[in-house]
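Visitor: I am attaching a structure below and will ask some questions about it afterwards.
Rule-based calculations on the coordinates, nothing more; no lab input. For clarity, every value in this text was computed on a predicted model and none was experimentally measured. Positions of Cβ are backbone-derived with ideal geometry, glycine not excepted, and every protein chain shown enters the neighbour counts.
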Amino acid sequence: MKKSSDKQLFFDFDAPVAAAPVNETVEANLSDLLEAAEPVELSAENAATPDAVPEPVVETLPETPAVEDNRKLDRFALLQAALAYLAQSGAAGAALQVPCRLRKFQADVAAYYSCYRKRINHLERTLVVDVYTDRKQCLPESAGRGAMLEELSELREKRTVMEQSIRVEEPDLWVEEELFDEFRTFDYSRSTNKEYHKLCRRINSLQQSLYKGTRMEQLARAYVADYLVMAVPENMLSEKEIPDGWGLWYIMPDKSVKVVVNPALQECSSESRLHLVQNIGHAALNCVLFANGVKLKSNNKVRFTRPPRARRK
């Protein structure tokens, strides 16, 4: 049975009946296969001929950094854009990672504006910019969040209609002393419309349920800034998803700033405003010391180092 199976396995239908022995045929076929399997080096001339088989083309894609690096670069770009916009708008001073209440709550970017009167600079306004690169950072997960956002959006639309009528009926509510023309608003809190105040209380209740415990609430409750702004990548958030009083900036791919929502004037005393300005100066001092190679230790001793240099690409 084994011999007949061998004959059937290596039987050649095109060969004559008196074929060579099975063993010889196997050795001859194996040698032919091994010779055919040896790699053949093609010259440049042979490779150019139409009969030559072209090698597969592998596209080399540019190397992309890791996910963490992308997040850092995105955040750095947002901070750059916010600082550039504040400098262009006439900010007298600005810094990054500025404490609002001692060191617990830090603002990503803080700036202040001053005016020159009688040969002395007078503090006008302070502004805090909170930078977000992910929706989950500013929109916490909560039960019924979708329904609350939908109701909040409807109530805000009703409030907008009411405010239009209030501006016509009560023109004396216009806030004239504003730092920026685009930030000018009405002081609706002095309105005599009771339905409007009832609607605002319901909106505040929904906002407390949505944003309680978030960074936005903590920065707002510090009461150290006249204006509060959220800076996010383009179209990451809509104006219906931010708390009342906050401004919304879209950071465009070219690092320009698109003002989507103008911030409203917040309650801020002169002492609290001065507190933030001093923290801005302290945060800026740390950057100046680091840039010039001066390191201050905890025991107030100074150590001099080489100034940091940018890495060559």
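Visitor: I need the GluC sites (Glu not before Pro) found in region 81-161, filtered to DSSP loop residues with at most 13 other beta carbons within 10 Å of theirs.
Guide: Details: sites: E124, E141, E150, E151, E154, E157; in loops: E141.
The qualifying sites are E141.
Visitor: Translational diffusion coefficient, Stokes-Einstein: compute it for region 197-248 using the Kirkwood radius over C-alpha pairs as Rh, at 4 °C and 1.567 mPa s, and state it as an integer in µm² s⁻¹. Don't skip to the end; give the middle numbers.
Guide: Working: Rh = 12.1 Å.
Answer, rounded: 107 µm²/s.
Visitor: Determine, for each peptide in 292-301, 258-267, the mean count of other beta carbons within 10 angstrom over its residues, then list the peptides with the highest first.
Guide: Working: 292-301: 9.3, 258-267: 16.4.
Output ranking for 292-301, 258-267: 258-267, 292-301.
Visitor: State whether region 70-269 is rounded, prolate or oblate according to the following rule on the C-alpha gyration tensor (a ≥ b ≥ c being the square roots of its eigenvalues): a/c under 1.5 gives rounded; otherwise a/b larger than b/c gives prolate, and the remaining case gives oblate. Intermediate results must be reported in sequence, preceding the final value.
Guide: On the way: a/c = 1.74, a/b = 1.12, b/c = 1.55.
Taking the square roots of the gyration eigenvalues as a ≥ b ≥ c, region 70-269 is oblate.
Visitor: Then there's this: Which cross-chain or sequence-distant (5 or more) residues have an amide H under 5 Å from the amide H of W246, H modelled 1.01 Å from N in plane?
Guide: A264
Visitor: Which order do the peptides 213-225, 269-281 come out in when sorted by mean C-beta neighbours inside 10 angstrom, highest first?
Guide: Details: 213-225: 18.6, 269-281: 16.3.
My ranking of the peptides, most packed first, is 213-225, 269-281.
Visitor: Also, I was wondering about something else. Give me the distance in nm between label points sitting 7 Å out from Cα along the Cα-to-Cβ direction at S298 and Q164, one decimal.
Guide: For the pair S298/Q164, the computed spacing is 6.1 nm.
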